[in-house]
Structures are given as structure tokens and as C-alpha cells.
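The values are calculated or read from the model by the stated rules, or taken from the named source; none is laboratory data. Quick caveat: nothing in here was measured; it's all calculated off a predicted structure. Note that we place each Cβ from the backbone using ideal geometry, even for glycine, and neighbour counts take in every protein chain shown. For the accessible areas, the whole protein counts, side chains as well, though only heavy atoms, and no ligand, DNA or RNA atoms are used. Shrake-Rupley method; radii C 1.70, N 1.55, O 1.52, S 1.80 Å.
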Amino acid sequence: MRADAMMRRNIPLIIPMPNAPAILTPDAETWAPDSWRARPALQLPTYPDPAALQGVLEELHALPPLVTSWEILALKQQLADAQDGKRFLLQGGDCAETFAECNSPVISNRLKVLLQMSVVLVHGLKLPVVRVGRFAGQYAKPRSADMETIGDVTLPSYRGDMVNGPAFTAEARIPDPRRMIKAHARSAMTMNFVRSLIDGGFADLHHPEYWDLGWVGKAELAEEYQRMVGAIGDAVRFMETLSGAQLHNVNRVDFYTSHEALLLPYEEAQSRQVPRQHGWFNLSTHYPWIGMRTAALDGAHVEYFRGVRNPIAIKIGPSVNPDQLLRLIDVLNPDDEPGRLAFIHRMGAVHVANKLPPLLDAIKRDGRRVLWICDPMHGNTEATSNGYKTRRFDNIRGELEQSFDLHAAAGTRLGGVHLELTGEDVTECLGGARELTERDLERAYRSTVDPRLNYEQALEIAMLIVRKRGHIASA
Ligand code: PEP
Ligand code: CO
């Protein structure tokens, strides 16, 4: 393809420049899908073969999108409702999807847990739930260190299956652009399977037994869950008897996708304009988020996201200050559009009581419209004495409970949760109903990156949200 033709199609001619100088004032006139390339871009790999990268980006650009603009706008409306307290957001899935685990049991078990949690939330909160999976694209990971050392060997870190391989060999760790094509295909397969399951009646409230997971839960949790499902079934049948017709919308639920939009060349190649809509959409996922490590105001990620119309979320940690948040809102939601912007706070159980209130106060004082989401996972990661990266259930619960209280005290609203979880019977987080110990971690630790809640722990969190939020609502 000729260079001018590439320009017209917005295919970049240059490879990322991680150390490019910052241009500070964003200007709506100057945004383009590739304008991020003039900004400092953290956490991006350097591909050894620029021509191969270029070929892949052209191929990606020509492939069909994974989602549509009308789905994205429908989600944005639901997120606006969550901001207003009319819905609650449940966002969850793996820390990192892997190519090897793009298979039927992993995908359907994850969907089952999310459906079970959402039933608990709908029933307990008496609110519709916005369901967003961390899946169908969650393949790129930010890392705290660029290099990893084992013994006397040091290699580049694993950055997610979309970038390089997890095996600790020099070859596996070389960034390979073809992995983007594979990630796009795996995302499409995952989404296709999720859509087919849901369209085929998997989420039908007449048949909650479809979502039972193979292993038996701790009696108390299982009983409480069965009681809720029974009550919902009774309500559905009662309404059907009363109206003499089947309730059609109870076998249809909406499910949206999300991933950390880290690998900007991939995201850029999926940026599209669509007929009868103004502006640009990122059609690789419904709900992209910006990770904590790449949320700098003058950085490449914020530059890219100010120009697409998707709803977006930003992870914020204990080092952020109120002024930075206000300036992020200026850049990312200058028109104060409902549903556009969320902050996902992930402070850690130890810091949340100190760090969160000044942020809530500043945003409230300024009358800004954001959706507040709590991620009680990422501020609570620690290493055990036997070398596992883990999280204590008590800290996860502690951060979540404190967050509800802190929002209530500030007069703001916690509108959703963001969790790392799996439908598999893993032992990665300590504690919970089964009181998993450090010894248990050895049994089924499978995550390639962060420790996830297993099925029982995830359900326990859903029940805890109901108790906590119910208590606050009635106070
Ligand atoms: C993640 O969500 O897996 C992650 C890396 O989060 P954060 O950006 O909050 O550290
Ligand atoms: Co993670």
C-alpha cells in the first residue's frame, strides 16, 4: 500500500516512541486515532521488526470490529443510570485472559459466576445490574518491572499473551506483533460463545440450574443462594400466571465486555467511524479502561481515549491527588456527559480511609459527574512466605466495606465493583468461607498474573455487597 493511502486510512507509518516529548495542552482539533504517538507512552513493548508490526496493524484495521457503536451507546446509558443510583455495575473476570484458556469450560464457568453474582445483586439490591466482563480482549498487562530475574537469568517481563509468552525463555519474551491478530481472533471467539450462550437461553431465570458449578459450595452460602433463586423463580412464575404470558425479558440479559486498553497500536487499529454517528469509536470492546500506571494527564493513553466515544474508566491508586482527577475530567469528559467517565479506586484496605475522602470531596465540591467503582483487589496484593502472590479475603472485604461507608459519609455514591475472579476452583486468594491458608495456595494456583477470587469467594462478595449497601440505603 502506498504511504498516502495509509495516511488516508489512518494507519500509522511510525512505530511507538516511548520517550517522545510531552505536548501538554490537549486540543480537540488535533485529535486523531494516532495522535497519542506524539505523547510519552508507558508500558508499551518495543517490537524488534517494525515492518512486521506495520503489516499486522494493517491487517487488524481491515478485520471486522468486535462490537458495535449502538451497543456501546446502550452501555453508556446504563452507566449513566448507575451514576444516578438506578443501577449497580458488576465488572469482573480474569486478571489476564490467556490463549490457552480460551476454551468452553473456562468461558462458561466465568459467565456462570457472573450470572450468579448478578442474581444475588438484583435480588438483594432491588436494582438492575450492569454486567461487564473482564473478557474478550483482556490480553495485555502493565508490569511494575520491565525485567524479571530468576536465579542469575534476567529476561524482559511477560506482558500478556497479546504481547509475548509467559515461559521464562528469551525467545518467549520477545514481543511478537502476530499475537495481536491471535488476540483479536480469540476475543471474537469468546464473544461469539458468550453471545450464543445468552441468546440460547443460558441466562434464563426459569433455569438457574444451568449456572450451577460442578463443585459444592460451603453450605451456608449455597443455601442462601438457593433461597434467592427460589424466590426469584416464584416471582417470575407469579407474574406469568398473573399476566397469562411468558415474561420474555427474563431470559435475556445484557452482557458487555471490557479490557485494559493498554496496547495502543492495537486499540488504534480498532478505532472506527461508523455511518450515522459522529466521532470515533473503539470497536474492540464496549468498555475500555486506563490502568493506574498509564493514567498520566499528558500521557499517550489519556490522549487516545479523549477522542473516542466509548464510556471509559480510569484506575486510581493512593498516589493520585484531587487536582489530578479534576484535570483528567477536564480532558476526558469536558462536556460532563452522563455515563462517559468512571474512576475505579483501588487504594488498599490500609489506605482507603485516608486517601479516598479528599478525592470524593473534591469531585463533589466541583459538581463533576463521574461513576465511582471500587476495585478491592489491586491495592491488596502481597507475597506469602512460600513465594505466592496473593490477596487476603479479609482485606478485599475490608476495602469494599470501608468504601461503601466512606462514600456514604461524603455524600457520594459507590455505583459498582470491579473484581478479579474466575469460575474455576482455584486457590489464589487467602481466606473466605473455606478459610484458605498459605498451604492451600499450592493446590490450585493457576493465574499467570494476579490472584483471583474463586467461585465461592466471588459469591460471598456479592452477598456482602447486598448486606452493606442495603444497610446504608436503610440508614
Ligand atoms: C489490573 O486491573 O489487572 C491492573 C493491573 O490494575 P491496576 O492498573 O489498577 O494496577
Ligand atoms: Co490484575
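A few points about this structure:
- Anchor residue 315: lysines whose Cα lies under 29 Å away (excluding residues fewer than 8 positions away in-chain): 76, 86, 112, 126, 141, 182, 355, 364, 389, 468
- Calculated FRET efficiency for the pair residue 207/residue 145, C-beta based, R₀ 41 Å, to 0.05: 0.30
- Cα pair count fraction exceeding 13 Å, expressed as % - the range 80-122: 63
- Intensity falloff of the range 336-400 expressed as log10 I(q)/I(0), Debye formula with alpha-carbon point scatterers, at q = 0.13, 0.16, 0.23 Å⁻¹: -0.45, -0.61, -0.95
- Antiparallel DSSP beta bridges within the chain, percent to nearest 5: 25
- Annotation: amide H-H contacts under 5 Å for residue 416 (H modelled 1.01 Å from N, sequence separation of 5 or more, or interchain): 89, 374.
- Nearest-ten-degree value, helix 50-62 long axis tilted from longest Cα axis of the chain: 50
- Three semi-axes of the equivalent ellipsoid, the range 41-190, Cα gyration tensor, whole Å, largest first: 34, 19, 15
- ³J(HN,Hα) computed for each position of the range 65-74 - Karplus, 6.51 cos²θ - 1.76 cosθ + 1.60, integer Hz, glycine/proline x: x, 8, 9, 10, 5, 6, 5, 4, 6, 5
- In this structure the amide hydrogen of residue 256, modeled in the peptide plane, comes within under 5 Å of the amide hydrogens of 131, 132, 133, none closer than 5 places in sequence on its chain.
- ³J(HN,Hα), Karplus 6.51/-1.76/1.60, whole Hz, each residue of the range 120-125, x for Gly, Pro: 4, 5, 4, 5, x, 8
- Ellipsoid semi-axes for the chain, based on the Cα gyration tensor and the rule √(5λ), read 34, 26, 24 Å when sorted largest first.
- If you take the alpha carbon atoms of the range 149-299 and fit the smallest convex hull around them, that volume is 234 Å³ per residue.
- Folded to 0 to 90 degrees: helix 393-410 orientation relative to the chain principal axis, Cα: 90
- Between residue 86 and residue 386, the simple spin-label model (points 7 angstrom out along Cα→Cβ) gives 5.1 nm.
- Neighbourhood charge, 9 Å Cβ-Cβ cut-off, centred on residue 260 and excluding it, Lys, Arg +1 and Asp, Glu -1: +3
- A 1.4 Å probe, protein heavy atoms only, puts the accessible area of residue 210 near 100 Å².
- Order of exposure, largest accessible area first, which applies to 240, 223 with probe 1.4 Å: 223, 240
- Phi-based couplings in Hz for the range 298-303 (Karplus 6.51, -1.76, 1.60; Gly and Pro marked x): 9, x, 5, 5, 5, 4
- In this structure residue 104 has an accessible area near 60 Å², from a 1.4 Å probe over the protein heavy atoms.
- Amide proton proximity set for residue 309, modelled H, under 5 Å, gap of 5+: 280, 281, 282
- Surface share of carbon and sulfur [accessible, 1.4 angstrom probe, percent] for the chain: 53
- The alpha-carbon positions of the range 293-352 define a convex hull whose volume is 85 Å³ per residue.
- Proximal charge balance of residue 382 [Cβ under 10 Å; K/R count +1, D/E count -1]: +3
- Accessible area (Å², 1.4 Å probe, nearest 10) - residue 59: 70
- As a length-normalised measure over Cα pairs under 8 Å and 6 or more apart, the relative contact order of the range 300-392 settles at 29 percent.
- Taking every protein chain into account, the accessible area of the range 38-95 amounts to 36 square angstrom per residue (probe 1.4 Å).
- Rel. contact order, % - alpha carbon contacts under 8 angstrom, at least six apart, the chain: 20
- Among 224-231, 395-402, the peptide with the highest mean count of other Cβ atoms within 10 Å heads the list, and the full ranking is 395-402, 224-231.
- Sorting 207, 378 on solvent-accessible area from highest to lowest, probe radius 1.4 Å, gives 207, 378.
- For the range 269-413, convex hull volume per residue from C-alpha positions, Å³: 128
- Nearest-ten-degree value, helix 178-199 long axis tilted from longest Cα axis of the chain: 30
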